[in-house]
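J.: This structure is in structure tokens; I'll ask about it shortly.
The values are calculated or read from the model by the stated rules, or taken from the named source; none is laboratory data. This structure is a prediction, so every number in the text was calculated from the model and none was measured. Neighbour counts are summed over all protein chains in view; Cβ atoms, including those assigned to glycine, are modelled from backbone coordinates with ideal geometry.
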Amino acid sequence: MTSTYKMYINGKWVSASDNDTFEVYNPANSQLLAYVAKGTRNDVHTAIDAAREAFDSGVWSSKTPGERSTLLWKLAELVEKNSLQLAKLESQNVGKTIKYARDSDLPFIIDNLKFFAGAARMLTGLSSADYSGLGTSFLRREPVGVVGSIIPWNYPLYIAIWKLAPALAAGNTLVLKPASYTPLTLLEFTRLVEKIIPKGVFNVVTGPGEIIGSEIASSKKVDMISLTGDTKTGKKIMQLASNNVKKVHLELGGKAPLIVMSDADLDMAAKGATVGAFWNTGQDCTAVTRVYVHKKYEKKLISLILNEMRKIRLGDPLNENTDMGPLISARQRDNVANHIRSGIDEGAELVCGGQRPSGKQFENGYYIVPALFRNVQQKMKICQEEIFGPVLSVSTYEKIDEAIEKANDVDYGLAASVYGKDITTAIKIANKLRFGTVWINEHGALTSETPHGGFKQSGFGKDLSIYSLEEYTNLKHVYIDQTGLARKPWHYTVYGKQ
Ligand code: NAD
């Protein structure tokens, strides 16, 4: 029987105020997975009011960091106990392989919750001192208040955790909105939250982005909005957030380059490019999309990449032998197919892939065979636009400065990588790349301790790490006068003791 999911508002599971629902499908076979409550503007208002009241009452923010830490750790342990079921559901709902969901997403989710459980106890102001000579200053990090978090479909639970763990660790309350394609794991996770977190602190509203997301982003009762999504959505959110000048944190699109230096181990670079381009079916904001290689080594590199690509097994995401599943939707598959067509029309050479795979097992899923292009020119759409699918392009350079210039020549600035043996040169290249993360001889490594976030139109603010915890706080300066004088001359307050 198909399951039905309600929303979680103010500690209760509720249907939409008009009882409407929407359908959620498995992208590997188009089978109906669930009916989910299609929230209304009224439902958003109820959730925001609950989060507001919970914040203002101090039910969460006045707990000591140690108390919040203990509860977050318990939550991590509950996720650990349920991790296999969550991984299976994520695999079915997103179409990502079970190997990837079980061995990468879920362990990272648990590690993240544990990291922020610990980090909750590490919030400190930078320093305290008598800067003016007339009084003492101290700095406090305080929760921002009610945080709205809007989640994409490519890493539904994983990215929700990136947002909710630091927000809760810092003492905020939350209204979360998952993507409509993939709300299921966040809702299952909420069943675990329900056992641990006080009512009103954590609310989930499901439904269309244009209604639920925009209502959260524009609400005057919400103090901060945190989005991971498309750059176009980020621009809309910024406008809506201006309604009450709320704090904004945006993790947006990417178009990651991989620069192959002339002394690089080409085999290593080919493996890095292939895994980096095609994991999660290329639906990854940090996915390798553009390889820049010296023209002398292009042929060799392409043949090595082709060897790697031949090993990728498309299939049922729940099968242990599958390396690549479908795209999330027919719409996404058409978008990828249109980009592939535009690459061909603009004169790039499609070396392989790009078609729908044949075979009965693929008939009802949104599959595309991984594609490789060469002769890709910088101004082509496939080189400039985020495709968000399994498409990799290779371009050549003659001098390394040209590769750096081309790598930087896109609107995005999320992640990049450099492959080469001369580490001094690799570091010099990394320093010139305008991307929030640059990996050397690697593409894609993320840890709970290291910040993740973009430059340029990839957004601003950091997920992961202690910097993300800071995002979810406001810094306050408290000053205590020590002169005892009721009124002071002007110059005292401005220049201190003179
Ligand atoms: P999307 O922008 O379409 O949707 C993201 C979320 O925003 C969804 O929950 C959606 O319902 C909501 N939304 C859509 N329109 C809205 C509106 N007008 N107002 C408020 N909310 C709205 O993105 P997507 O297709 O779900 O995800 C893919 C995008 O996310 C890609 O661009 C990808 O690069 C980006 N992404 C970025 C990162 C990062 O860390 N920078 C990570 C993952 C994905």
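J.: So is A348 within 16 Å of the ligand (Cβ to nearest atom) and within 30 Å of A264 (Cβ to Cβ) or not?
T.: Criteria not met by A348.
J.: Please go through region 352-373 and pick out each residue that is outside any loop (DSSP other than H, G, I, E, B), buried (at least 19 other Cβ atoms within 10 Å of the Cβ) and out of contact with any Asp or Glu (no Cβ under 8 Å at 6 or more places or on another chain).
T.: Matches in region 352-373: F362, A371, L372.
J.: When you scan region 194-248, how many residues do you find that are in a helix (DSSP H, G or I), more than 8 Å from the ligand (Cβ to nearest atom) and surrounded by 21 or more Cβ atoms within 10 Å (Cβ to Cβ)?
T.: 2
J.: For residues that are more than 28 Å from G454 (Cβ to Cβ) and either within 16 Å of the ligand (Cβ to nearest atom) or not hydroxyl-bearing (S, T, Y) (or both), tally how many sit in region 249-280.
T.: Of the residues in that region, 4 qualify.
J.: The conditions are (1) touching a strand residue (DSSP E or B) at 6+ places or on another chain (Cβ under 6 Å); (2) within 16 Å of the ligand (Cβ to nearest atom); (3) not small (G, A, S), and N112 fails exactly one of them. Which is it?
T.: Checking N112 against (1) touching a strand residue (DSSP E or B) at 6+ places or on another chain (Cβ under 6 Å); (2) within 16 Å of the ligand (Cβ to nearest atom); (3) not small (G, A, S), the one that fails is (1).
J.: Tell me whether region 169-191 contains one or more residues that are within 16 Å of the ligand (Cβ to nearest atom), hydroxyl-bearing (S, T, Y), more than 22 Å from F22 (Cα to Cα) and assigned to a helix (DSSP H, G or I).
T.: Among the residues of region 169-191, not one is within 16 Å of the ligand (Cβ to nearest atom), hydroxyl-bearing (S, T, Y), more than 22 Å from F22 (Cα to Cα) and assigned to a helix (DSSP H, G or I), which makes the answer no.
J.: In region 266-303, what residues are of a type in the set (G, A, S) and under 29 Å from the mean Cα position of the chain (by Cα)?
T.: Scanning region 266-303 gives A269, A270, G272, A273, G276, A277, G282, A287.
J.: Could you tell me whether any residue of region 168-189 is on the phi > 0 side of the Ramachandran plot and touching a strand residue (DSSP E or B) at 6+ places or on another chain (Cβ under 7 Å)?
T.: yes
J.: With the structure loaded, tell me whether S342 is over 21 Å from M380 (Cα atoms), of a type in the set (S, T, Y) and in contact (Cβ under 8 Å) with a residue 24 or more places away in the chain or whether it fails that test.
T.: no
J.: Considering region 307-331 alone, what residues qualify as being in a helix (DSSP H, G or I) and touching a helix residue (DSSP H, G or I) at 6+ places or on another chain (Cβ under 8 Å)?
T.: The answer is N307, E308, M309.
J.: Continuing with the same structure: Taking the criterion of being of a type outside the set (G, A, S), modelled with pLDDT of 95 or more, within 30 Å of D316 (Cβ to Cβ) and out of contact with any Phe, Trp or Tyr (no Cβ under 9 Å at 6 or more places or on another chain), would at least one residue in region 37-51 satisfy it?
T.: no
J.: Run L84 past the list (1) surrounded by fewer than 21 Cβ atoms within 10 Å (Cβ to Cβ); (2) of a type in the set (A, V, I, L, M); (3) in contact (Cβ under 8 Å) with a residue 24 or more places away in the chain; (4) farther than 23 Å from D463 by Cβ and report the number of the one that doesn't hold.
T.: That leaves (3) as the condition not met.
J.: Ok, one more. I'm trying to understand the selection: among the residues of region 100-137, which are surrounded by fewer than 18 Cβ atoms within 10 Å (Cβ to Cβ) and of a type in the set (S, T, N, Q)?
T.: Matches in region 100-137: T124, S127, S128, T136, S137.
J.: From the list G436, G420, G461, which residue is in contact (Cβ under 8 Å) with a residue 40 or more places away in the chain and within 16 Å of the ligand (Cβ to nearest atom)?
T.: None of the others qualify; the one that does is G461.
J.: Test D401 against the stated conditions and say whether it is more than 16 Å from the ligand (Cβ to nearest atom) and modelled with pLDDT of 95 or more.
T.: yes
J.: Follow-up question, since we're still on this one. What about Q283, is it within 13 Å of the ligand (Cβ to nearest atom), surrounded by 22 or more Cβ atoms within 10 Å (Cβ to Cβ) and free of Cβ contacts under 8 Å to residues at least 60 places away in the same chain?
T.: Criteria not met by Q283.
J.: If you scan region 381-400, which residues turn out to be surrounded by 20 or more Cβ atoms within 10 Å (Cβ to Cβ) and either within 29 Å of G325 (Cα to Cα) or not hydroxyl-bearing (S, T, Y) (or both)?
T.: Within region 381-400, I382, C383, E386, I387, F388, G389, P390, V391, L392, S393, V394, S395 qualify.
J.: For a quick check of your reading of the model, give me the residue pairs whose first member lies in region 468-492 and is closer than 30 Å to F116 by Cα, whose second is at pLDDT 85 or above and of a type in the set (V, I, T), with beta-carbon atoms closer than 8 Å and at least 6 apart or on different chains.
T.: Between residues of region 468-492 that are closer than 30 Å to F116 by Cα and residues that are at pLDDT 85 or above and of a type in the set (V, I, T), the close pairs are Y472/V144; Y472/V147; T473/V144; N474/V144; Y479/T136.
J.: Output the residues belonging to region 249-264 that are closer than 18 Å to Q457 by Cβ and either in contact with a His (Cβ under 7 Å, 6 or more places away or on another chain) or assigned to a loop (DSSP other than H, G, I, E, B) (or both).
T.: L252, G253, G254, K255
J.: Would you confirm whether any residue within region 354-366 is modelled with pLDDT of 95 or more and under 18 Å from A270 (Cα atoms)?
T.: Of all residues in region 354-366, those modelled with pLDDT of 95 or more come to 354-366.
Narrowing further to those that are under 18 Å from A270 (Cα atoms): none.
Looking for residues that are modelled with pLDDT of 95 or more and under 18 Å from A270 (Cα atoms), one finds none in region 354-366, hence no.
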